[in-house]
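Structure first, then comments.
The values are calculated or read from the model by the stated rules, or taken from the named source; none is laboratory data. Given the structure is predicted, the values throughout are model-derived calculations rather than measurements. Quick reminder, even Gly has a Cβ in these numbers, built from the backbone with ideal geometry, and neighbours come from all protein chains shown. The area values use the complete protein model at the heavy-atom level, side chains included, leaving out ligands, DNA and RNA. Shrake-Rupley method; radii C 1.70, N 1.55, O 1.52, S 1.80 Å.
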Protein chains: 4
Amino acid sequence: MTTLPAGTPGQPLAVGLVGAGRMGSFHAESLAHRIPGARLAAVADPAPGAAQRLADRLGCPNALTDIGELLADPQIDAVVIATPARTHADLVEAAARAGKAVYCEKPMAVTLADADRAITAAHQAGVALQVGFNRRYDAGFRAAHEKVASGAIGTPQLLRSLTRDPKLADPAPIRPWTIFLETLIHDFDTLRYLNPGAEPVEVFAMADALVRPDFKDRGLLDTAVVTVRFDNGAIATAEANFQAVYGYDVRGEVFGSAGMLTMGDVRRTHLTSYGPDGIAAECVTYDQDLFHDAYVAELADFTTRVRTGTTPAVTGEDARAALSIALAAVQSITTNSPVLIDELKEQ
Amino acid sequence: MTTLPAGTPGQPLAVGLVGAGRMGSFHAESLAHRIPGARLAAVADPAPGAAQRLADRLGCPNALTDIGELLADPQIDAVVIATPARTHADLVEAAARAGKAVYCEKPMAVTLADADRAITAAHQAGVALQVGFNRRYDAGFRAAHEKVASGAIGTPQLLRSLTRDPKLADPAPIRPWTIFLETLIHDFDTLRYLNPGAEPVEVFAMADALVRPDFKDRGLLDTAVVTVRFDNGAIATAEANFQAVYGYDVRGEVFGSAGMLTMGDVRRTHLTSYGPDGIAAECVTYDQDLFHDAYVAELADFTTRVRTGTTPAVTGEDARAALSIALAAVQSITTNSPVLIDELKEQ
Amino acid sequence: MTTLPAGTPGQPLAVGLVGAGRMGSFHAESLAHRIPGARLAAVADPAPGAAQRLADRLGCPNALTDIGELLADPQIDAVVIATPARTHADLVEAAARAGKAVYCEKPMAVTLADADRAITAAHQAGVALQVGFNRRYDAGFRAAHEKVASGAIGTPQLLRSLTRDPKLADPAPIRPWTIFLETLIHDFDTLRYLNPGAEPVEVFAMADALVRPDFKDRGLLDTAVVTVRFDNGAIATAEANFQAVYGYDVRGEVFGSAGMLTMGDVRRTHLTSYGPDGIAAECVTYDQDLFHDAYVAELADFTTRVRTGTTPAVTGEDARAALSIALAAVQSITTNSPVLIDELKEQ
Amino acid sequence: MTTLPAGTPGQPLAVGLVGAGRMGSFHAESLAHRIPGARLAAVADPAPGAAQRLADRLGCPNALTDIGELLADPQIDAVVIATPARTHADLVEAAARAGKAVYCEKPMAVTLADADRAITAAHQAGVALQVGFNRRYDAGFRAAHEKVASGAIGTPQLLRSLTRDPKLADPAPIRPWTIFLETLIHDFDTLRYLNPGAEPVEVFAMADALVRPDFKDRGLLDTAVVTVRFDNGAIATAEANFQAVYGYDVRGEVFGSAGMLTMGDVRRTHLTSYGPDGIAAECVTYDQDLFHDAYVAELADFTTRVRTGTTPAVTGEDARAALSIALAAVQSITTNSPVLIDELKEQ
């Protein structure tokens, strides 16, 4: 699949940001300052004042509260969608129909029907659609992927990917399956990325509310372990927890017939301290520290690919595949049994 | 529970070794040279010449092919059982009935009925019974256990223990459930050790023959991931594979409400090399290198406890608890569903 | 000392680059794209075409072969000097006299008289003068400095700083004392940075041509160890070599009465590989990878300080102090004896 | 040079320990329990009760206060000398003349004349003489030596060896040059061991009393950096300090034309803790933990070599060579100038 080049030759890509929250603000800064081939052309956020404040800070001339207005602007070449998860698929569809190249934060959709709708819209419009699985742009995870793809560790047999957030986000907005649909979705994509060419076939999940047991009756799960069997035989584990007191912990491991790779490092810097209590080092706390370079790299790559008409490196189909594992995990929790991806019931 | 002190005060404990294979030979060397409080008083092995060769090498005056003869020897205070797994329970029972303190290699039994029989025999005879979960005597795993027990990482929420053997043992003697009953049994015990006071309640396993797919039809599994839910909510993963090309890999991780601990190091020494191809270090290949000190420490501790009448640190009940997880994993593989420990069906 | 704020309020600082070589090009890219508060207003390089090529690539409207023309341009607020070392002091003086804020690559000067001249010119003109000791902007070295300054390791007693370049640069342009004046100058500054408040009092150096013994008769030294005694008693070692086959190696260590800090990591990413030959990881090869973030941070900090009239964090006086150690090392090599900084003979 | 085999064939080597202090006690335990080929046949220490207490604890039948009596005992095959440093050479000479194989703790002598006298006595008696440079028996340092010897890192160009003791020993018994003659003597030997075939030619030392400045007027130095030039061009640094609050720190580094090796690890175990304050690990505090295996290995190797008449791996000549560097460092401190080993003045 290829897409038409977007933007005006010789001009930076005009990108509109949709969603001026924490992640959106970071992407806006990247578009404004860190990516030579792009410029922040507009910001839209329905929350009163949010778009304006961000636009003012970054010297962006165009702040909107009406997302539709941004999508309708013919000056905009591409959009970055950084709104709440459940709005993503609709926005991808609308942006694609408006002819914009689309970068969408994960998850691209929370049902398979929505995922299919978003993918189809992008295909029909011939626009690029890239999904924000930023770990694919982290130097360590990327090098691991390339080594596995090159056969350096033989056939993958055991994989592990984990995410431990630094602290439990305010539980109010967390919906019952957030841990699978919004957190572990990264790990499900990472497992596919570290097992290139293989696809998941069976999923089993165990989960619980251990960080905040008081929210368990509201269906809030904050600790989960998901086992995934792939069609090349590899057995993978994805693990998440919402409150790591030591920092933001993202690690991966691939064990194969000819070797093993490990990735991930919670250290903030290369400084190590030695004192009467032993050895000490500081941890990374915020994900924008840990993945700062990866966030910039993915948007830079999106920009380059959109301008040259090259298919994005992380597609809507990738988002759908990770979503399938997440939905199978949800179903596994509900039924307390392993779930075949092919027999996944749409919820 | 306490046991009567064994041995003659002022004399080293007279220990008889049963089983002169690889592990038995190492224990014999420890008894002969590394443990001041013990002496190697006899070696018995039904294989012609095996006991004699080992006894000669270590200057032990008493080599036997009849194990019963060793057990009947009133000069013997204690026995170390290092025979094939399926003979362990009978030998524990016989040794206990003969009034010997018993150190038994893992697994102590391969059915719950056998485990109960062995435990009962030791209790009735009032003899010490210690099981060879050597990782409990490794300095790193032990320090981790103590930190968890002291509350340093709060309540455990996620655990991991893995074993990857350096190479696939000759598959001929491997029986279908070896990976659970003889390999992962270590990890199941480690998970209990790292989650002190908690007990397993539910088990799910995925496994396959990925190292030697040609033996799959003989039921040989060489790769497995087991998920275990504990009664304190913690969710644990145990993972094994029979052929790690890089060496002998044993690691553990405990994540809790107040911190995380990691254990295990495959490095052979503290030497690191830097060259045109980057950074390099050598790995540990044989388990007797990796756990050399732990093997000696466990037998030294057994010796001390037996001589002083102190209950062993790793009991028959511990062996039974680990076996329960292993048998639940077997049942989970057979039924492809999670298994409650309380509803475990005896095979 | 404070300086007058430079630049036009509300406008990015207009920075002219002098010297379009490797380091200059990187700084130009930072000014063009990575530092919101600055813009690349002009590039000057006497080499035919060099300035033009760089300016074209970065969309800079003003490319010059006459450095004087750039310095005379009233639109230019500040200059970045990235020319060969021996031209630095003159250019700092000229730029200061032209009223420009000055960022100068290390070494700011190669004689104390030149250093004094440059410092005086900046003081008299009231312009900011910052020197390119980029390691002070590396997160690990900076955190170490702050810990030492806070008293976390007590009084420094032993220090170490080392630089090993990935490969011997073409020896033709290397002048006899390059290893001290251009390479170890970083380490001399680092030692001062890691021993805040202390000053060097005595220096002894050993050096040789081990990488290229054939150039020894031309006075080319490629391997050196310098011992420095500080006025707080600390004894420090600086070490350099021009050809590390494994990569670019920059490390530091401070040992004090209450602890130790180590800094520096040659690993390229957090990926570790395990295979039949053991454990492996890749090394950083180019200094712009290793210090990419530090190079950007120092120029961003310069920009901010210049715009707000804040004294630079790395001053001409710092450059002079590091130069004193370098010149003492040169004298120590020449006399094969320790040299007191206070009795340093100007060459 | 070869020596005659000592001891009675088929019997363990009968070893007499001279000096029942901390190090002697450890060696006695090794001889009693850890080394199959040796037995602890006698203990001698002039301090009232010291030999008896140690002998009683280890079941050794022969405790003496007269060292001469031990040396005169024809039942003794070999002696281990673990008395204060300044008595070593005389005891080596006396033991050699008595026909005993000799293992002598470092330093073997504190003057070159004494060293020569000890070496000559051993040669004339045809007895084995091994010196206690235990780092040569540490697995990491040994693997490094072998790699360098095999050419894996090309020609050594830069070396480092350091010793930081966990705490300042009671300063009363410390004599002025202890840091060179008793502490750094290890590092001087290590530098030779890591630069096989090369010999030191020039030495420069800086030292101070930073841990206990109040003892400086008594000539007590507790912090030192020594630079050594070798005849293959390599430049080496040896560094020592008497009070590392974090533990016992012994590390080495060899940088060569084809790579680098690093050795040494202060971690007590492979346990790492992660908590709100970051990452933590415990340090090794006592040298008998850090070098436990090395201490046993060196005595076991001595035993084997003595029994088979093989020349010891660490000879009196090695002790003399390390002593030469130490004495050159002393002279360098006294004269504040570099000292050529060949022009070393005997004190």
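Take C:Pro196, move 7 Å from Cα toward the beta carbon, and the resulting point lies 4.2, 4.6, 4.7 nm from the same point in each other copy, nearest first. Under 5 Å from the amide H of B:Val43 lie the amide H atoms of B:Leu17, B:Asn62, B:Ala63, B:Leu64, each residue being 5 or more positions distant or on a separate chain, with H modelled from the backbone and absent for Pro and chain starts. Note on the stretch C:194-287: the alpha carbon radius of gyration divided by the globular reference 2.2 N^0.38 Å gives 1.41. Each residue, C:Gln52 and C:Ser150, gets one label point 7 Å from its Cα in the Cβ direction; the gap between the two is 5.4 nm.
Computed from Cα positions, the angle between helix C:112-125 and the longest principal axis of chain C comes to roughly 40 degrees. Within the shell of other residues whose beta carbon sits under 11 angstrom from the beta carbon of C:Leu13, the net charge comes to +3, with Lys and Arg scored +1 and Asp and Glu -1.
In terms of the Cα gyration tensor, with a ≥ b ≥ c the square roots of its eigenvalues, is the stretch D:41-102 rounded because a/c is under 1.5, prolate because a/b exceeds b/c, or oblate? Taking the square roots of the gyration eigenvalues as a ≥ b ≥ c, the stretch D:41-102 is oblate.
Taking θ as phi - 60° and the Karplus parameters 6.51, -1.76 and 1.60, the scalar couplings of the stretch D:214-226 work out to 5, 9, 4, 5, 8, x, 7, 9, 10, 9, 8, 10, 10 Hz in sequence order, x denoting glycine and proline.
Kindly identify the stretch D:116-186 as rounded, prolate or oblate by the Cα gyration tensor criterion: order the square roots of the eigenvalues as a ≥ b ≥ c, call it rounded if a/c is under 1.5, otherwise compare a/b with b/c, prolate if a/b is larger, else oblate. Oblate, since a/c reaches 1.5 and b/c is not below a/b.
Calculated on the alpha-carbon coordinates, the convex hull of the stretch B:72-217 measures out at 161 cubic angstrom per residue.
Rounded to the nearest 10 degrees, the angle from helix D:184-194 to the longest Cα principal axis of chain D is 80 degrees. Derived from the Cα gyration tensor, the three semi-axes of the equivalent ellipsoid of the stretch B:1-48 are 22, 13, 10 Å, largest first.
Global size of the stretch B:1-121: 13.5, 39 Å for Rg and Dmax (C-alpha atoms, Rg to one decimal, Dmax whole). Across chain D, C-alpha contacts under 8 Å between residues 6 or more apart give a mean separation that, scaled by the residue count, equals a relative contact order of 21 percent. For the stretch C:135-239, the percent of C-alpha pairs falling in each 10 Å distance bin, counted from 0 to the bin holding the largest distance, reads 15, 42, 28, 14, 2. With an a/c value of 1.5 or above and a/b not larger than b/c for the gyration tensor axes a ≥ b ≥ c computed over the alpha-carbon atoms, the stretch D:266-347 is described as oblate. D:Pro46 label point (Cα plus 7 Å toward Cβ) to equivalent points in the other copies: 6.5, 7.7, 9.4 nm, shortest first. Cα convex hull, the stretch B:253-310: 139 Å³ per residue, rounded to a whole number. Helix B:88-97 axis versus longest C-alpha principal axis of chain B: approximately 40°, rounded to the nearest ten. Per residue, chain A reaches -9500 deg cm²/dmol at 222 nm when only DSSP H runs of four or more residues are counted, each adding -39500 (n - 2.57). How big is the Cα convex hull of chain C in projection, averaged over all directions, in nm²? Seen from a random direction, the Cα hull of chain C projects 19.0 nm² on average.
With contacts taken as Cα pairs under 8 Å and at least 6 residues apart, the stretch A:203-305 reaches a relative contact order of 16 percent. Here the relative contact order of the stretch B:205-249, from alpha carbon pairs under 8 Å that lie six or more residues apart, stands at 31 percent.
The mean accessible area for residues of chain B, using a 1.4 Å probe and ignoring ligands and nucleic acids, is 35 Å² per residue. For the residue pairs C:Lys345/D:Lys216; C:Lys216/D:Lys345; B:Lys167/B:Lys216; C:Lys216/C:Lys345, the C-alpha atoms sit more than 22 angstrom apart in C:Lys345/D:Lys216; C:Lys216/D:Lys345; C:Lys216/C:Lys345. Note on the stretch B:198-347: Cα-Cα pairs beyond 23 Å make up 57% of the total pair count. Using only Cα coordinates, the Kirkwood hydrodynamic radius of the protein assembly as shown works out to 34.9 Å.
Here, the stretch B:187-231 has an Rg and a Dmax of 13.8, 42 Å when only alpha carbons are counted.
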